[in-house]
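Single-structure report; data block below.
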Amino acid sequence: MTPAHLQSKAFLLLLILVTIAFGAILWQFHGAVFWGVILAILFAPLHRKLLRRMPRRTNLAALSTLGLCLVIVILPMTAITISLIQEATVVYERVRSGQLNFGLYLQQVIAALPAWAVNLLERLNLTSVAELQEKFSSVAVQASQFVAAQALSIGQNTLEFVVSFGIMLYLLFFLLRDGNRLALRIGQATPLDDAHKRQLVDKFTTVIRATVKGNIVVAASQGALGGLIFWILGIQGPVLWGVLMAFLSLLPAVGAGLIWLPVAIYFIATGGVWQGVILIAYGVFVIGLVDNVLRPILVGKDTKMPDYVVLISTLGGMALFGLTGFVIGPVIAALFIATWDLFAPSVDNHSSPP
């Protein structure tokens, strides 16, 4: 007979191989699977409340939760995405035709600067104003081309998007309906102490809910407020700039300011002083206040992680995994901290004198 330890090693190897193979199969739709799991975790409390009202109708409870998820999250995001694509296409066409010339705007700003400021720019090794204008124009054109290319890519990959969207909704339904049984099965198969498993699962779900809800609330608030003030001031493409501010707000403290501050400087330099002053005051005391007040409450407080860990893990996650990294990064950081917190007492016990 085959020795027991050899059987165990062979079975472990088989388990690793089939897990890797299954992961490779799912990788084509990893975005749909990821967001299906995230939405299932976020809407699990609502699903439990509905299930208590209809305990024998699990399918109806899951379907009702799925419908609410569509109304609350998915349909608004789809509408915003469509508006974003339309405005991004218009802006790109204006840049390509020369109607929108960022280099000219920079030239107007520089022309309004006093002589000492222009000399300072040259002393800062920016070589010449003309070269600075050329670089700025090049960056603006490349950025507009990137946005337009992404919009075109979305249009060309409509079928792939629809398939991924359908898989996400299909998976979300079954995760809502059978999520408790699936979580219990995974817990039983995980070779850890029950207390450790509960602690890790609690940390995992808490960080996901805090990160997604916190970052999305902050991003949506800053994007909506930024788009509103741009619309009031008559700036073209308020939805586009609002979405860009929402995206950049994932970077704490400086995010949205990368959009509204240059616009305010342009207003002031070209004679629109009151528009520039209003935009700066609004950006600092309204848009900035959202980041300074809501983010620590919604993200840092629930995750119980230092702000610098949240920032670094968010940036690192986005650099490694793309947009979904703003969730994956903090989750990995939180699990790292939680795992070492579980390991630390055993180290202390072994190192303490008898």
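List of remarks:
- Carbon-plus-sulfur accessible fraction, segment 173-322 (probe radius 1.4 Å, protein heavy atoms only): 71%.
- Ligands, DNA and RNA left out, the 1.4 Å accessible surface of segment 2-60 is 71% carbon and sulfur atoms.
- Calculated FRET value between residue 160 and residue 17, using beta carbons and R₀ = 35 Å, to 0.05: 0.75
- Solvent-accessible surface ranking, highest first, for 68, 13 at 1.4 angstrom: 13, 68
- Rounded accessible area of residue 186 (nearest 10 Å², 1.4 Å probe): 100
- Förster radius 30 Å - calculated FRET efficiency between residue 189 and residue 37, Cβ distance, rounded to 0.05: 0.95
- Heavy atoms of residue 43 accessible to a 1.4 Å probe, total area in Å² rounded to 10: 20
- Inter-site label distance for residue 30 and residue 181 at 7 Å from Cα along Cβ, in nm: 2.9
- Accessible surface comparison of 53, 181, 48, 209, probe 1.4 Å, protein chains only, largest first: the order is 53, 181, 48, 209.
- A full extension of the chain between residue 59 and residue 321 corresponds to an added length of 91.0 nm, given 0.36 nm per residue minus the alpha carbon distance.
- Phi to ³J(HN,Hα) by Karplus 6.51 cos²θ - 1.76 cosθ + 1.60 over segment 63-73, Hz, x for Gly, Pro: 5, 5, 4, 4, x, 5, 4, 4, 5, 7, 10
- Using the Cβ-Cβ distance between residue 258 and residue 48 with R0 = 56 Å, the FRET efficiency computed as 1/(1 + (r/R0)^6) comes to roughly 0.85.
- Annotation: residue 174 carries an accessible surface of approximately 70 Å², with a 1.4 Å probe and no ligand, DNA or RNA atoms counted.
The values are calculated or read from the model by the stated rules, or taken from the named source; none is laboratory data. Keep in mind that what you see is a predicted model, and the values were worked out from it rather than measured. Cβ atoms come from the backbone with ideal geometry, glycine included; neighbour counts cover every protein chain shown. Heads up: the accessible areas ignore ligands, DNA and RNA and are worked out on the full protein's heavy atoms, side chains in. Shrake-Rupley method; radii C 1.70, N 1.55, O 1.52, S 1.80 Å.
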